[in-house]
1. Which of the residues spanning region 29-52 are touching a helix residue (DSSP H, G or I) at 6+ places or on another chain (Cβ under 7 Å) and under 30 Å from residue 140 (Cα atoms)?
2. I'd like to know if region 117-135 contains one or more residues that are closer than 28 Å to residue 51 by Cβ, touching a strand residue (DSSP E or B) at 6+ places or on another chain (Cβ under 8 Å) and touching a residue at least 60 places away in the same chain (Cβ under 8 Å).
3. Looking only at region 1-28, which residues are touching a helix residue (DSSP H, G or I) at 6+ places or on another chain (Cβ under 7 Å) and not in a loop (DSSP other than H, G, I, E, B)?
4. For region 159-187, what are the residues that are in a loop (DSSP other than H, G, I, E, B), farther than 30 Å from residue 139 by Cβ and modelled with pLDDT under 80?
5. Looking only at region 29-46, count every residue that is assigned to a loop (DSSP other than H, G, I, E, B) and farther than 15 Å from residue 11 by Cα and tell me the total.
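The values are calculated or read from the model by the stated rules, or taken from the named source; none is laboratory data. On a predicted model such as this, the values are computed, not experimentally measured, just so you know. Note that we place each Cβ from the backbone using ideal geometry, even for glycine, and neighbour counts take in every protein chain shown.
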């Protein structure tokens, strides 16, 4: 069953870590911070970029497996990937900044709640890279991973097959790349 994918943003990080923590480590592209009252919400910030990179990593993992499409909606991830995108972004945003905050968030070392969320998210990324399934988008891309399915941009299929005459797409089209007319009733059982 397919569902609409959603696009997480830097402002959603409060769902994983408190807003006050994000404000302490976040800064805008000009170096403005919330604590200095010079944070500009109209330009890129570290939080926005952290989420953007996490989303790109999730979508890239799906694309690299080559079995399933991504959503045409820019920066959208599967419903089950929303929290993982935020966990990856929050961990990478908050942990590298040397501070008491990083120590508190990482309290417990590898067993801290933040480290656990990050570990679960990266494990899910590995499943995606291996071709694991997830909720399909309602607006899938075609084989170019950019635009909608069309005659020139076929749907992505995780199942590829063929025989010594043609492959699955050629049988569906009724003609091979070399111009040989084929149909499903005349399949050669000698596989490639």
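1. Answer for region 29-52, where residues must be touching a helix residue (DSSP H, G or I) at 6+ places or on another chain (Cβ under 7 Å) and under 30 Å from residue 140 (Cα atoms): 45, 46, 47, 48, 50, 51.
2. As a first pass, look at region 117-135 and keep what is closer than 28 Å to residue 51 by Cβ: 117-135.
This time we only want the ones that are touching a strand residue (DSSP E or B) at 6+ places or on another chain (Cβ under 8 Å), so: 135.
Still in the running and touching a residue at least 60 places away in the same chain (Cβ under 8 Å): 135.
Checked region 117-135: at least one residue is closer than 28 Å to residue 51 by Cβ, touching a strand residue (DSSP E or B) at 6+ places or on another chain (Cβ under 8 Å) and touching a residue at least 60 places away in the same chain (Cβ under 8 Å).
3. 3, 6, 10, 12, 13, 14, 15, 21, 22, 23, 24, 25
4. 164, 165, 183, 187
5. Initial filter on region 29-46 (assigned to a loop (DSSP other than H, G, I, E, B)): 29-33, 37-44.
Filter once more, keeping what is farther than 15 Å from residue 11 by Cα: 29-32, 37-38.
Residues in region 29-46 being assigned to a loop (DSSP other than H, G, I, E, B) and farther than 15 Å from residue 11 by Cα: 6 in total.
One line per residue, one yes/no per condition, for (1) assigned to a loop (DSSP other than H, G, I, E, B); (2) in contact with a strand residue (DSSP E or B) (Cβ under 9 Å, 6 or more places away or on another chain); (3) more than 17 Å from residue 13 (Cβ to Cβ); (4) modelled with pLDDT of 85 or more:
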{"position": "86", "(1), (2), (3), (4)": "no, no, no, yes"}
{"position": "89", "(1), (2), (3), (4)": "no, no, no, yes"}
{"position": "96", "(1), (2), (3), (4)": "yes, no, no, no"}
{"position": "110", "(1), (2), (3), (4)": "no, no, yes, no"}
{"position": "114", "(1), (2), (3), (4)": "no, no, no, no"}
{"position": "145", "(1), (2), (3), (4)": "yes, no, yes, yes"}
{"position": "157", "(1), (2), (3), (4)": "yes, no, yes, no"}
